[in-house]
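J.: Below you will find the structure I want to go over with you.
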2 protein chains.
Amino acid sequence: MANVHLPKGMRDLLPPDMRRRLHVIDTVRRVFTSFGFEPLETPAMERIETLMGKYGDEGDKLIFRVLKRGEGGKRGEVDQAMRYDLTVPLARVIAMNPALPLPFRRYQVEPVWRADRPQKGRFRQFLQCDVDIVGTESELAEAECLAVVDAALSALGFTDHVIRLNDRRILRGMAAAVDAADREVAMITAIDKLDKIGRDGVARELEGRGFEAAQVERVFELLDGASVPGCEDAVAGLERIEALCLALGVPEGRVQVDPTLARGLDYYTGPVFETRIPDSGVGSVSGGGRYDGLIGMFSGRDIPAVGVSLGLARILLIMEERGMFPDLDRSIDVFVTVFDAERAPAALEAARAFRAAGQRVEVSYKPGKLGKQFKLAHKRGARFVVVVGPDEAAEGAVQLKDMASGEQSTVPLAEAVARVG
Amino acid sequence: MANVHLPKGMRDLLPPDMRRRLHVIDTVRRVFTSFGFEPLETPAMERIETLMGKYGDEGDKLIFRVLKRGEGGKRGEVDQAMRYDLTVPLARVIAMNPALPLPFRRYQVEPVWRADRPQKGRFRQFLQCDVDIVGTESELAEAECLAVVDAALSALGFTDHVIRLNDRRILRGMAAAVDAADREVAMITAIDKLDKIGRDGVARELEGRGFEAAQVERVFELLDGASVPGCEDAVAGLERIEALCLALGVPEGRVQVDPTLARGLDYYTGPVFETRIPDSGVGSVSGGGRYDGLIGMFSGRDIPAVGVSLGLARILLIMEERGMFPDLDRSIDVFVTVFDAERAPAALEAARAFRAAGQRVEVSYKPGKLGKQFKLAHKRGARFVVVVGPDEAAEGAVQLKDMASGEQSTVPLAEAVARVG
């Protein structure tokens, strides 16, 4: 390898990876669009003061800072920083565009940058894929967030995903019911780990946070289904959301109310949800909820919002493991050889005809030595190779070789195009 | 507006702009793919030493620098910088991936960042759209670069674009022919401005750079078509490229050899080309050429390459002015009203049916007050509005209103879907 490197934690996406990624992005974009979500793009850099203090002390440390350039900049002065998520920029857009008709449904699929310690599978630039509905308190919005995730995963070929649903207000009610309203966040944080550390682990963590044995016992009773006082409304809301999801075409049983679901981020204010793929070995592939206090941060007023994020990296990983990608290893469909310089125009005319029919066509740039040209065609994964020799060129025909079967025949160009299509 | 701002020279792309941009990107991507070009993505940040010294002193000053983060970073230390173009990252990718089969055809549509003084229409983050063919000296590659630009512009709806073609070696021969081989760059720089400053301007500029009157006269003779000694090969090459373009389906007359075409960048080594849209009021919408000395910068050897860039910002501008966008002002096709909470499921079932048929569908989140819901439907540009009242819900029907004609009728859901499609 030459003496040139990438920055720490950064990576290139070479064509095979990019084809997979574009397949996923194009698919989810089509689904988002069918639900009326609209595309938004914000710049990679924000003003430093827009970002600082929004992600906690730890987050602040992971924000990449950019030096001020151009006139008036003192040496070493920082005035910009790299986008850390897509939610703070959305809040800024809402504040700066008060005339946007609400509700505003937007999707945004763009990279964010975090100076995390790089690990296997964790990079300092990674794609976020968010859909959010800003400006409505309607439960229809929650239902559409769940349905759009279900539709996106289904369009990608998943059939076994499960969406878990809960409401932060029920967890809050639970904390009150066990006389721990002042330790609500501690309780939620512990419950959130149930999957990872089990009931004993959660019990120990709660005790470590000052819960008494009777309180811990009561927490588990409530998690097991005992009704939480004062939360009848939220519970009924979850049932309504489930019913609305069915109407939107989400299959029966795919949405499951789960009283243990907490979702870590403490900005959620109502329903929360996440999606898991059974036996995938990774955590959730999607998570979201209602967060009515956040989007108004720059607008000076509360603006209700609900949204959901798709974890594209995890989705790509599972699709790869399960072989869910349609034939993305081949970069082209047809490889057109060039017999010699004199027959190059005939080869190009063939390429043009296959392209017009929607095929991905590579023309060889090395006339002569057909063996070498076939070797490259094989490397590219071409399904068909075309040869236009002197005889074929003279009569508007081509030799067409099916690389899978090895069959080879000389046919008029139009027929070759029809066979490949 | 709230007290929150964007960084200098940065902008958001709200949905109407994004829809236009995605239309253009999706179209050109489809064309690039049909020519066998493969997608590549590189990180937004490169190591500072990868970028410095590659763009001249002026360029170096415009590179955004990013502070080092994480362990071991001295306060204020810079180790990364924002990507300034897509060519240097391509050269780095080629050096770091010696096993990539050549020729490597890649396209890359990604933002770059330059700390230029912001002006009307010039931003500090902007999209570059490059296709390059690395690892071949074949003129077929030049022809495919011209043909892919023609195909992309044609797919976008342009019919009047003209591609000008020249060869840097002819300009070099011209400098030698007028005894100014040592002032080749000065001569090319002057000729490059012919469009802007006219013959008199170029003559003055050449004289200012030490050319004598007889030399200037001879330059114009050569530009007017006198044969340039020692350039017979390059001239014949341009004719061959023109013929190959015809074979690739580029219409006759679209490619025009123009001895005055220079293209400013001094790294070109062979054919150069650019595309203009007549009467568009902007300069070229595409430019490129062969640059055999650049891609090997990190590999320690010359690697031949030819490439072309599409100026998406200018293309978008012309398409906007000419009204070439297909109906991108509407964000949805169908707006489904919600009569009341009880009929919400019936409304969602209708939404689901229209979505399954490929329509973009927004569901109202405000039950009741149909007037208000119609108003929002109008704002979104919906072509059709659907009402599912108590009578319709009972019998699986919907009221369908055509917003253009004002016609309204009650029909079974399936028929409504068929009418809209």
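The values are calculated or read from the model by the stated rules, or taken from the named source; none is laboratory data. For clarity, every value in this text was computed on a predicted model and none was experimentally measured. Glycine also receives a Cβ, built like all others from the backbone with ideal geometry; neighbour counts cover every protein chain displayed.
J.: Of all residues in the stretch A:281-324, how many are among the acidic types (Asp, Glu) and within 30 Å of A:Gly157 (Cβ to Cβ)?
T.: From the stretch A:281-324, those among the acidic types (Asp, Glu) are A:292, A:302, A:320-321; that's our starting set.
Then drop every residue that is not within 30 Å of A:Gly157 (Cβ to Cβ), which leaves A:320-321.
Within the stretch A:281-324, residues that are among the acidic types (Asp, Glu) and within 30 Å of A:Gly157 (Cβ to Cβ) number 2.
J.: Identify the residue in the stretch B:294-333 that is in contact with a strand residue (DSSP E or B) (Cβ under 6 Å, 6 or more places away or on another chain) and within 9 Å of chain A (Cβ to nearest Cβ) and, among all such residues, is farthest from B:Glu362 (Cα to Cα).
T.: Here the residue is B:Ser331.
J.: Quick one: in the stretch A:126-146, which of the residues that are more than 8 Å from every other protein chain (Cβ to nearest Cβ) and part of a helix (DSSP H, G or I) is surrounded by the most Cβ atoms within 10 Å (Cβ to Cβ)?
T.: Once the filter is applied, the top-ranked residue is A:Glu142.
J.: Next question, about the same structure. Counting just the residues of the stretch A:16-68 that are basic (Lys, Arg) and under 19 Å from A:Leu294 (Cα atoms), which one comes out farthest from the other protein chains (Cβ to nearest Cβ)?
T.: First, pick out the residues of the stretch A:16-68 that are basic (Lys, Arg): A:19-21, A:29-30, A:47, A:54, A:61, A:65, A:68.
So of that shortlist, the ones also under 19 Å from A:Leu294 (Cα atoms) come out as A:47, A:54.
Working: A:Arg47: 5, A:Lys54: 12 Å.
If we take residues in the stretch A:16-68 being basic (Lys, Arg) and under 19 Å from A:Leu294 (Cα atoms), then A:Lys54 is farthest from the other protein chains (Cβ to nearest Cβ).
J.: Here is a follow-up. Residues B:Ala404, B:Ala394, B:Ala416, B:Ala356: which one is within 12 Å of chain A (Cβ to nearest Cβ) and either surrounded by fewer than 19 Cβ atoms within 10 Å (Cβ to Cβ) or not aromatic (Phe, Trp, Tyr) (or both)? Working first, answer last.
T.: Numbers: B:Ala404 fails: within 12 Å of chain A (Cβ to nearest Cβ); B:Ala394 fails: within 12 Å of chain A (Cβ to nearest Cβ); B:Ala416 fails: within 12 Å of chain A (Cβ to nearest Cβ).
Going through B:Ala404, B:Ala394, B:Ala416, B:Ala356 in turn, just one is within 12 Å of chain A (Cβ to nearest Cβ) and either surrounded by fewer than 19 Cβ atoms within 10 Å (Cβ to Cβ) or not aromatic (Phe, Trp, Tyr) (or both): B:Ala356.
J.: Can I ask one more? Name every residue in the stretch A:186-195 that is outside any helix (DSSP H, G or I) and touching a residue at least 24 places away in the same chain (Cβ under 8 Å), in order of residue number.
T.: Within the stretch A:186-195, A:Asp192 is the sole residue that qualifies.
J.: On to the next question. Could you grab me the full set of residues in the stretch B:375-389 that are crowded, with 16+ Cβ neighbours inside 10 Å and either of a type in the set (Val, Ile, Thr) or within 38 Å of the chain's Cα centre (by Cα) (or both)?
T.: Step one: of the stretch B:375-389, the residues crowded, with 16+ Cβ neighbours inside 10 Å are B:376-377, B:380-389.
Residues satisfying the conditions are B:Leu376, B:Ala377, B:Arg380, B:Gly381, B:Ala382, B:Arg383, B:Phe384, B:Val385, B:Val386, B:Val387, B:Val388.
J.: Now a separate question. What single numbered condition from (1) within 7 Å of chain B (Cβ to nearest Cβ); (2) surrounded by 21 or more Cβ atoms within 10 Å (Cβ to Cβ) fails to hold for A:Gly76?
T.: (2)
So that you can scan it fast, the table gives a plain yes or no per residue for (1) buried (at least 22 other Cβ atoms within 10 Å of the Cβ); (2) closer than 17 Å to B:Val308 by Cα:
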{"site": "B:Ala44", "(1), (2)": "yes, no"}
{"site": "B:Thr50", "(1), (2)": "yes, no"}
{"site": "B:Gly59", "(1), (2)": "no, no"}
{"site": "B:Gln80", "(1), (2)": "yes, no"}
{"site": "B:Met96", "(1), (2)": "no, no"}
{"site": "B:Pro111", "(1), (2)": "no, yes"}
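J.: When you scan the stretch A:251-260, do you find a residue that is assigned to a helix (DSSP H, G or I) and buried (at least 17 other Cβ atoms within 10 Å of the Cβ), even just one?
T.: Step one: list which residues in the stretch A:251-260 are assigned to a helix (DSSP H, G or I), which gives none.
Checked the stretch A:251-260: no residue is assigned to a helix (DSSP H, G or I) and buried (at least 17 other Cβ atoms within 10 Å of the Cβ).
J.: Now for a different question. In the stretch B:113-133, how many residues are acidic (Asp, Glu) and within 23 Å of B:Pro304 (Cα to Cα)?
T.: Residues of the stretch B:113-133 that are acidic (Asp, Glu), as a first pass: B:116, B:130, B:132.
Filter again for within 23 Å of B:Pro304 (Cα to Cα), leaving B:130, B:132.
Residues that pass the stated criteria total 2.
J.: Can you tell which of B:Ile241, B:Ile277 is more than 12 Å from B:Ile170 (Cβ to Cβ), surrounded by 13 or more Cβ atoms within 10 Å (Cβ to Cβ) and in contact with a His (Cβ under 6 Å, 6 or more places away or on another chain)? Quick ask: steps written out before the conclusion?
T.: Values: B:Ile241 fails: in contact with a His (Cβ under 6 Å, 6 or more places away or on another chain).
From the options B:Ile241, B:Ile277, the qualifying one is B:Ile277.
J.: Then there is this: Within the stretch B:280-294, which residues are of a type outside the set (S, T, N, Q) and surrounded by 15 or more Cβ atoms within 10 Å (Cβ to Cβ)? So that I can check it myself, show each step before the final result.
T.: Within the stretch B:280-294, the subset of a type outside the set (S, T, N, Q) is B:281-283, B:285, B:287-294.
If the condition is that a residue be of a type outside the set (S, T, N, Q) and surrounded by 15 or more Cβ atoms within 10 Å (Cβ to Cβ), then B:Val282, B:Val285, B:Gly287, B:Gly288, B:Gly289, B:Arg290, B:Tyr291, B:Asp292, B:Leu294 are the ones that fit.
J.: Run down B:Ala351, B:Ala313, B:Ala347 and say which single residue is surrounded by fewer than 21 Cβ atoms within 10 Å (Cβ to Cβ) and either part of a helix (DSSP H, G or I) or without any contact (Cβ under 8 Å) to a residue 12 or more places away in the chain (or both). Break it down into steps so the answer makes sense when it comes.
T.: Details: B:Ala351 fails: surrounded by fewer than 21 Cβ atoms within 10 Å (Cβ to Cβ); B:Ala347 fails: surrounded by fewer than 21 Cβ atoms within 10 Å (Cβ to Cβ).
Residue meeting the stated conditions: B:Ala313.
J.: Return a yes/no flag: does the stretch B:146-157 have any residue that is closer than 30 Å to B:Gly9 by Cβ, at pLDDT 95 or above and out of contact with any strand residue (DSSP E or B) (no Cβ under 9 Å at 6 or more places or on another chain). Outline the logic, then answer.
T.: So in the stretch B:146-157, the residues closer than 30 Å to B:Gly9 by Cβ come out as B:149, B:152-153, B:156.
With the extra rule that they be at pLDDT 95 or above, the set shrinks to B:149, B:152-153, B:156.
From what's left, out of contact with any strand residue (DSSP E or B) (no Cβ under 9 Å at 6 or more places or on another chain): B:156.
Looking through the stretch B:146-157, at least one residue is closer than 30 Å to B:Gly9 by Cβ, at pLDDT 95 or above and out of contact with any strand residue (DSSP E or B) (no Cβ under 9 Å at 6 or more places or on another chain).
J.: To continue, here is another question. If the requirement is being crowded, with 23+ Cβ neighbours inside 10 Å, in the same structural domain as B:Ser280 (by TED's automatic domain parsing) and among the β-branched types (Val, Ile, Thr), which of these qualifies: B:Ile163, B:Ile197?
T.: On the way: B:Ile197 fails: crowded, with 23+ Cβ neighbours inside 10 Å.
None of the other options fit; the residue is B:Ile163.
J.: For the stretch B:196-236, give me the residue count where each residue is in a helix (DSSP H, G or I), under 16 Å from B:Leu261 (Cα atoms) and touching a residue at least 24 places away in the same chain (Cβ under 8 Å).
T.: Of the residues in that region, 5 qualify.
J.: Kindly indicate whether any position in the stretch A:362-369 is in contact with a Phe, Trp or Tyr (Cβ under 9 Å, 6 or more places away or on another chain), part of a loop (DSSP other than H, G, I, E, B), among the hydroxyl-bearing types (Ser, Thr, Tyr) and closer than 19 Å to B:Gly135 by Cα.
T.: Our first condition is that a residue be in contact with a Phe, Trp or Tyr (Cβ under 9 Å, 6 or more places away or on another chain); within the stretch A:362-369, this holds for A:362-364, A:367-368.
From what is left, the residues that are part of a loop (DSSP other than H, G, I, E, B) are A:364, A:367-368.
Imposing the further condition that a residue be among the hydroxyl-bearing types (Ser, Thr, Tyr) reduces the set to A:364.
Those left that are additionally closer than 19 Å to B:Gly135 by Cα: A:364.
Yes, some residue in the stretch A:362-369 is in contact with a Phe, Trp or Tyr (Cβ under 9 Å, 6 or more places away or on another chain), part of a loop (DSSP other than H, G, I, E, B), among the hydroxyl-bearing types (Ser, Thr, Tyr) and closer than 19 Å to B:Gly135 by Cα.
J.: Considering only the stretch A:147-187, how many residues are more than 14 Å from every other protein chain (Cβ to nearest Cβ), touching a His at 6+ places or on another chain (Cβ under 9 Å) and either aromatic (Phe, Trp, Tyr) or more than 20 Å from A:Val257 (Cβ to Cβ) (or both)?
T.: 1
J.: Outside any helix (DSSP H, G or I), of a type in the set (D, E, K, R) and in contact (Cβ under 8 Å) with a residue 60 or more places away in the chain: which single residue out of A:Asp179, A:Asp266 fits that description? Don't jump to the end; show me each part of the working.
T.: Numbers: A:Asp179 fails: in contact (Cβ under 8 Å) with a residue 60 or more places away in the chain.
On inspection, the qualifying residue turns out to be A:Asp266.
J.: Moving on to the next point. For the stretch A:5-42, what are the residues that are out of contact with any helix residue (DSSP H, G or I) (no Cβ under 9 Å at 6 or more places or on another chain) and not charged (D, E, K, R)?
T.: Selection gives A:Gly9, A:Met10, A:Pro15, A:Pro16, A:Met18, A:Thr33.
J.: Here's another thing I want to ask about it. Just checking, how many residues over the stretch A:76-100 are farther than 24 Å from A:Phe126 by Cβ and of a type in the set (S, T, N, Q)?
T.: Final tally of qualifying residues: 1.
J.: Next up: Test B:Phe123 against the stated conditions and say whether it is out of contact with any Leu (no Cβ under 9 Å at 6 or more places or on another chain) and either within 14 Å of another protein chain (Cβ to nearest Cβ) or buried (at least 22 other Cβ atoms within 10 Å of the Cβ) (or both).
T.: Here the answer is yes, as B:Phe123 does meet what is asked.
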